[in-house]
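Enquirer: Okay, handing you the structure first.
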Amino acid sequence: MLRLAEQCLERAKSFIGKSLDPPGPPMTAGHRRMLSDGGEERSPFLPPEVFQRLQVIASQDTSRKELTPIEEASRLNQKLKANYEARLARLPPGQAYQKTSLTLSLQRQMMENLIIAKARQDALQRKMEERRLRLQEEANRRFAASGGMTAEEQEQRLLYTNVLEYEQDHDHKAQQLDWPKQWKANMKNNPDASLVSDLVSHLLSRSDHPVVKLLRKHQYRVYNRLYPIVSGGASLRPSHSSNSLTRPDTSADHQSFISSSSSLSPSHSRELTTEEDEEDEAHKQRMVDRENSFEDLETFLTQLDWTPSDYIHIAIDQLLSLTLLSFECLNTSTYKDLCLASLEEAFFPPLWSALVALFRKVHWEREEAFQASVRLYHDALPGDVGVPSKLFPGDSGMLQHASFPYESAVQELKLLVQDGCPQRKLECIVRTLRQICICAEDYRGLNEADSAPKTAAIGADDLLPILSFVALRCQCPQLVSECAALEEFIHEGYLIGEEGYCLTSMQSALAYVESLHTGVAHHPANA
Amino acid sequence: MAAAAGGSRTYSFKVVLLGEGCVGKTSLVLRYCENKFNDKHITTLQASFLTKKLNITGKRVNLAIWDTAGQERFHALGPIYYRDSNGAVLVYDITDQDSFQKVKNWVKELRKMLGNDICLCIVGNKIDLDKDRNVSVEEAESYAESVGAKHFHTSAKLNKGIEELFLDLCKRMMETAQADERLKGNGSSQSASSRRGVQIVDDEPQATPSGGCCSSG
């Protein structure tokens, strides 16, 4: 009898001990890692684990997760245990029998709670599975038209099932929590473009929504793969003159732009959809193994079998499709564009510094060339880079608020590196070019003060030399890599319009500036 | 929902403007995008980048016209300007044989890069200066034919021939786009996001019906 009691006590003790253990100490491990990293070489990039944790913290919101029956029971058990300990403490000494009885009763109650919870959990699980099957059927019906089942479609179906599940969860709760339904009704009653970005930002603030989970997953994967590259000191050699990270095997500019146009090949999307986290782990190990062994981008990317721009384009497409599936009312061409802009605005900022660091490693030679030209021409005047004299003031006395011509455009362009969102960077370039046109108009007015105002507007023949001057005066080599990255990541819809034109002109001007230091060959006098 | 209604499409075309410094391509394109009823015809980027909305045989067309720098020193990056272009307008000055040679070089480059996907238009500008002509009509027209391009004579100064050249170009770009569409099997690939040529956009139901034709943007 006594032995049996002792055994029970042991079990209760071990049980109590277990329930006291905090659930794993990942935080401390992460800190240690970060500190040891910093000790050897200071990297401005957080280790992926820390990045992931920050992601979760950043997106934590008010929607509290409900406890599972087991969690509820263990919470109850902790309370029981606390009571038990309080009563033990109050027992007068020498009451061994009472103590044993209390311990046994505690153990019995705790076991009972757990058994009941387990049964409830199982029942709930069964119900959830039934519901999931039902929702899966609903998702299947939704996709019935699409016929065949590629891996991609399978994944999309699965994600859509998650969305249905999420919505049903919120349907059963208090009215104020049922936000998807409310937004859908809002959009139906009052379809308005201004509602779209509100809806998407609301969606992105719900950290438990499948779209947000997918967003975090993709961001983490990209960061996880960039980290070993950008946190190391090695720089990469670009493959010949290729501007593109999409296909490193091209040998000339024109080939690289043609091949980059097929960035959404089926094989790549398959890679994206079937990839598992274990693969990520294995990949991480491979990356660590060869961290210092690559020295040129070509070999490197071939080994990598993964290019950031392909991955990111597919990831964003997937996020967009899931958002449109969740809110069918957004599926019109204008709303879709707004939606995409909002998703990109959420997707890029945490990743941009790592992405641009990768591009800087690839384009360091171009940046050096740019820097060399800046050293030679830092105080050049517009005329020195081929701007016609009618488009800048003859003597600096004519400048009212600036110390050199086109200074306001230079100031605007300097803001580009500060933003983390490609779309906003693109807007900054557009503002720079517009500012150039405004200045050019003013200067022309000054130069032709007496003659009748001419209607001739400036075209590319004038714009490019001025833009080159502005880029030169900006003195920021990073622009080269920023623009190369923008070209990869800006959604193609923007590339045909004014934004695309401005980005293209900027790249053309940067390339010209890079060539300036090499001497007479490209000097305007010889053109 | 959205796609079901209407069924009319809007074509978006990118057209690059190529030509040496003084051939008058800026005046040409400014003439074209000028709106007689509105003085605000010039976009914020002036003549470098212009847009125009058209209505051709009941189809809406949005043109984006990309001016390029004629100077040799900016040619290295030429390909990034004309990638994904649906059309190119190559302008020379009929009094300047050299500018016609430049057009030939660009044609060669465009065909090499973009094959037959791009509709070419070769334009002899400044016909108001016909007495100083240095490029013969026969030479220009037979060359254009040999490379599968259309040839037009224009005068930006007298506003001659410009509407015609762009209208013809638009019609050919629409034909090319429709042929592409038929090839792709039409419809099902609504979300196919190829990086090349953003061409066809489904109209939205709530879009305001476009009044009249040839309103410039």
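The values are calculated or read from the model by the stated rules, or taken from the named source; none is laboratory data. Note that this is a predicted model, so its numbers are computed, not measured. Glycine also receives a Cβ, built like all others from the backbone with ideal geometry; neighbour counts cover every protein chain displayed. When the accessible area is computed, the model is the full protein with side chains, heavy atoms only, and any ligands, DNA or RNA have been set aside. Shrake-Rupley method; radii C 1.70, N 1.55, O 1.52, S 1.80 Å.
Enquirer: How crowded by other chains is A:492-502, given as the mean number of beta carbons from other chains within 10 Å of each beta carbon?
Expert: Rounded to a whole number, the mean comes out at 6.
Enquirer: In nanometres, what is the gap between the two model label sites at A:Gln371 and A:Ile438, each 7 Å from Cα along Cα-to-Cβ?
Expert: Rounded to a tenth, the inter-label distance reads 3.3 nm.
Enquirer: Provide the packing ranking of B:168-175, A:136-143, i.e. peptides ordered by the mean count of other C-beta atoms within 10 Å per residue, highest first.
Expert: Result, highest mean Cβ count within 10 Å first: B:168-175, A:136-143.
Enquirer: With Cβ to Cβ distances under 11 Å as the rule, what net charge do the other residues near A:Ala372 carry (K, R +1; D, E -1)? Before the final figure, lay out each step's value.
Expert: Details: positive: A:Arg366, A:Arg375; negative: A:Glu365, A:Glu367, A:Glu368, A:Glu514.
Net of charged neighbours comes to -2.
Enquirer: For A:Asp379 and B:Asp117, what is the calculated FRET efficiency with R₀ set at 35 Å and r taken between the beta-carbons, to the nearest 0.05?
Expert: That pair, A:Asp379 with B:Asp117, gives E of 0.15.
Enquirer: Right, next: Pop the C-beta distance of B:Gln97 and A:Ser197 into the FRET formula with R0 = 35 Å and round what comes out to the nearest 0.05.
Expert: Once rounded, the FRET efficiency stands at 0.05.
Enquirer: Continuing with the same structure: Suppose R0 equals 60 Å; then what is the FRET efficiency for B:Lys160 and A:Leu67 from their Cβ-Cβ distance, rounded to the nearest 0.05? Mind dumping the intermediate values first?
Expert: On the way: r = 80 Å, r/R0 = 1.33.
Here the calculated transfer efficiency is 0.15.
Enquirer: Within the accessible area of the range B:10-177, what % is carbon and sulfur when the probe is 1.4 Å and the other protein chains stay in place?
Expert: 49
Enquirer: Protein chains only, probe 1.4 Å: how do A:Tyr227, A:Tyr97 rank by accessible area, largest first?
Expert: Final ranking, largest accessible area leading: A:Tyr97, A:Tyr227.
Enquirer: Determine the alpha carbon to alpha carbon distance for each of B:Lys53/B:Lys157; A:Lys81/A:Lys217; B:Lys14/B:Lys157 and list only those over 32 Å.
Expert: Among B:Lys53/B:Lys157; A:Lys81/A:Lys217; B:Lys14/B:Lys157, the Cα-Cα distance tops 32 Å for A:Lys81/A:Lys217.
Enquirer: Something else: Which whole-Hz ³J(HN,Hα) couplings does the range A:379-390 yield from phi under the Karplus relation 6.51 cos²θ - 1.76 cosθ + 1.60, θ = phi - 60°, glycine and proline marked x?
Expert: So the J values, rounded to whole Hz, are 10, 5, 9, x, x, 5, 10, x, 6, x, 5, 5.
Enquirer: Using 0.36 nm per residue, how much length does the chain from A:Arg132 to A:Ser403 gain when fully extended, once their Cα-Cα distance is taken away?
Expert: 90.8 nm
Enquirer: Let me ask something else. Label A:Ala185 and A:Gln411 with points 7 Å out from Cα along Cα→Cβ: what is the distance between them in nm?
Expert: 5.0
Enquirer: Another question about this same structure. Peptides A:359-372, A:193-206: what's the order by average Cβ count within 10 Å, highest mean first? Walk me through the numbers on the way to the answer.
Expert: On the way: A:359-372: 20.6, A:193-206: 17.2.
Ranking the peptides A:359-372, A:193-206 by packing returns A:359-372, A:193-206.
Enquirer: Could you work out how far apart the two model spin labels at A:Ser101 and A:Phe143 are, taking each label as a point 7 Å from the Cα in the direction of the beta carbon, and quote it in nm?
Expert: Distance between the two pseudo-spin positions: 6.2 nm.
Enquirer: Can you compute 3J(HN,Hα) from phi for each residue in the range A:322-334, using the Karplus curve 6.51 cos²θ - 1.76 cosθ + 1.60 with θ = phi - 60°, rounded to whole Hz and x for Gly and Pro?
Expert: So the J values, rounded to whole Hz, are 5, 5, 5, 5, 5, 10, 4, 4, 8, 7, 10, 4, 5.
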